[in-house]
Amino acid sequence: MTTELTYKELYNKWDKFINGGDDTSHLKPEVAESWRRCQRLNVNPFKKPPLMNEQEIQEVLSKNQNLINVVAPFINLISDLTKETNFLYVLTDHKGNILDVKGAKHVVEQAKKSNFEIGANRSESAGTNAISVAISTGKPIHIGGPEHYNVHFHQWSCAAAPIHDSKGKFIGVLTLSGHYSLKHTHTLGMVVSLAKAIEKELFVKEKTLNFAKNSQLPVNDYFTFKDIIGSGEGIQSAINMARVVSNSNSRILVEGESGTGKELFVQAIHHASERRENPFIAVNCGAIPEQLIESELFGYQEGAFTGAKKGGMPGKFELANGGTLFLDEINSMSEDMQVKLLRVLQQNEVIRVGGSIPIPINVRVIGASNESLEMLVEKNKFRRDLYYRLGIIVIQIPPLRERTEDIPELFKHLLNKVCKRLDVKSSEYDPAILQYLKSHDWPGNIRELENYIERAVVLSQGKKLTMEHFPYKLIEQMFMPEKMELTTLEDMERQFIQRVLLTFNGNMTKTSQILGITRKTLYNKMKLFNLQKASEKEIL
């Protein structure tokens with residue numbers, strides 16, 4: 001069993017090793033073996049790994065587009081939930097080529113200083129790292145600080161897990177990276193769980209495609225307006241506008257925060273339109289690397305780049321001909337691509353990458369943005385002429401915090417949906433849950449609500465759902481007074497514990513679970529604040 005070494009101890013071992021030493025004691029066996037291989041391969045521990053050129057990047061991304069598409073929603077979702085944690089989510093193929101990097105802008109920029117970006121390679125030729133060890137061992141691994149062979153990686157702490165396709169073939173690695181000081185024991189477990197979820201999604205997608213081929217169908221699982229849950233004024237106003245414009249050919253822009261259900265609206269519009277029998281094609285502009293978005297939308301000619309498919313490949317505009325093309329997260333599109341998209345919308349024709357012949361198209365384009373495009377135009381972050389081409393009709397989807405009257409209906413719908421997906425008996429629940437859920441701000445909107453419902457169903461293990469199965473942050477706002485008076489921290493803590501005790505009728509177990517402390521700690525605090533004798537009147 002290896003002993004956990006401090007950063008300084010690891011650095012000293014690394015320094016001695018690269019200067020001719022051979023002491024690898026107390027290192028993880030996988031790290032020690034990798035160091036020795038790097039030494040035999042004469043890997044330079046002081047040189048930044050090189051980057052591919054644009055053509056090479058295009059080829060690698062094109063080969064791995066299916067993996068990128070499947071992984072993107074998972075990374076986007078978890079990035080939304082952990083956007084303040086200064087971590088990066090990195091996807092590589094089975095050779096260690098970086099396909100995608102997601103994270104806060106300042107962390108992404110920091111990573112680029114060590115060439116940790118799309119177009120880099122993190123196989124063992126770059127020196128020992130979590131990705132290279134996951135590739136060589138086929139197992140999840142955490143590598144931190146000077147465990148990395150290359151000095152440029154010493155500031156990073158990385159947890160990596162391999163990804164396999166439905167046949168068990170190793171196809172890529174998912175990695176969560178952050179500063180060495182952010183190392184946490186649960187990080188690797190989270191990455192492994194994400195990798196398993198991605199593998200399950202790959203299996204489902206392949207199964208669906210095989211079914212489509214065998215049945216000679218385009219699998220179109222459309223949502224309709226009946227699937228949009230909510231009877232509040234805000235959501236009904238958006239639904240009514242969407243119904244009215246469905247049968248026109250006007251371009252539509254759907255705006256709303258992440259997780260509000262923009263694609264559900266777009267699919268409902270398509271299903272209610274005269275184009276319903278024709279293709280519905282969705283493209284997440286934020287999930288596709290910038291180097292690949294042009295060929296993804298417009299297609300490419302044979303010979304456009306090395307490795308290009310014989311006969312070329314139609315783009316999403318061609319595939320959506322006669323139907324609807326949904327461009328999600330269009331606000332993330334680069335200015336260069338905005339110019340090219342504007343030309344297509346003006347001319348109603350596309351030219352494939354590497355080609356010269358215009359191809360006429362008849363496509364209804366519906367864009368979606370999680371920011372106000374009008375405001376981005378005013379800030380010179382989005383082209384004004386493209387905005388006017390796209391935003392002939394703008395539909396605003398209200399965030400969940402502005403439609404709390406819909407939460408009971410949404411909760412019941414999502415609970416049934418989650419139970420069906422997890423193949424568990426529909427759960428009973430404490431009606432008091434709904435009041436707590438109404439008090440939360442819901443920054444992640446309906447997507448966040450569904451995630452927490454799934455978490456609660458899993459934790460309840462078939463028992464009745466109560467608030468103890470939901471995260472503490474969902475109820476803390478309900479316990480806090482609307483008007484906060486200036487007082488001591490001790491008095492605030494006392495009042496807070498009082499409120500929770502009253503809510504759970506003095507139940508010590510539930511109160512301690514909600515507060516995130518042990519029963520013993522709760523008892524000690526009650527004794528400190530003299531709460532054993534507190535009457536209900538005093539608590540109120």
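Structural remarks
- Here residue 407 meets the list (1) in contact with a Lys or Arg (Cβ under 7 Å, 6 or more places away or on another chain); (2) assigned by TED's automatic domain parsing to the domain that holds residue 259 almost entirely, failing just condition (2).
- Counting the residues of segment 115-138 that are under 24 Å from the mean Cα position of the chain (by Cα) and either free of Cβ contacts under 8 Å to residues at least 24 places away in the same chain or assigned to a helix (DSSP H, G or I) (or both) gives 5.
- Every listed requirement among (1) farther than 30 Å from residue 440 by Cα; (2) part of a loop (DSSP other than H, G, I, E, B) is met by residue 425 save one, (1).
- Hits in segment 1-58 - residues which are closer than 30 Å to residue 300 by Cα and either acidic (Asp, Glu) or assigned to a strand (DSSP E or B) (or both): 51, 54, 56
- Candidate set: segment 232-272, residues that are within 23 Å of the chain's Cα centre (by Cα) and free of Cβ contacts under 8 Å to residues at least 60 places away in the same chain; chosen: the one surrounded by the most Cβ atoms within 10 Å (Cβ to Cβ): 267
- Filter result for residue 436 (in the same structural domain as residue 314 (by TED's automatic domain parsing), modelled with pLDDT under 95 and in a helix (DSSP H, G or I)): no
- Some residue of segment 89-99 being within 12 Å of residue 30 (Cα to Cα), modelled with pLDDT of 95 or more and in a loop (DSSP other than H, G, I, E, B): no
- The residues listed here are 292, 319, 376, 345; of these, the one that is touching a Gly at 6+ places or on another chain (Cβ under 9 Å) and either among the hydrophobic types (A, V, I, L, M, F, W, C) or free of Cβ contacts under 8 Å to residues at least 24 places away in the same chain (or both) is 319.
- All of 329, 374, 335 fail the test of being within 26 Å of the chain's Cα centre (by Cα), within 28 Å of residue 272 (Cα to Cα) and surrounded by fewer than 17 Cβ atoms within 10 Å (Cβ to Cβ), apart from 374.
- Any chance residue 293 is modelled with pLDDT of 95 or more and crowded, with 16+ Cβ neighbours inside 10 Å: no
The values are calculated or read from the model by the stated rules, or taken from the named source; none is laboratory data. Keep in mind it's a predicted model, so treat the numbers as computed, not measured. So basically every Cβ, Gly included, is an ideal-geometry build from the backbone, and we count neighbours across all protein chains shown.
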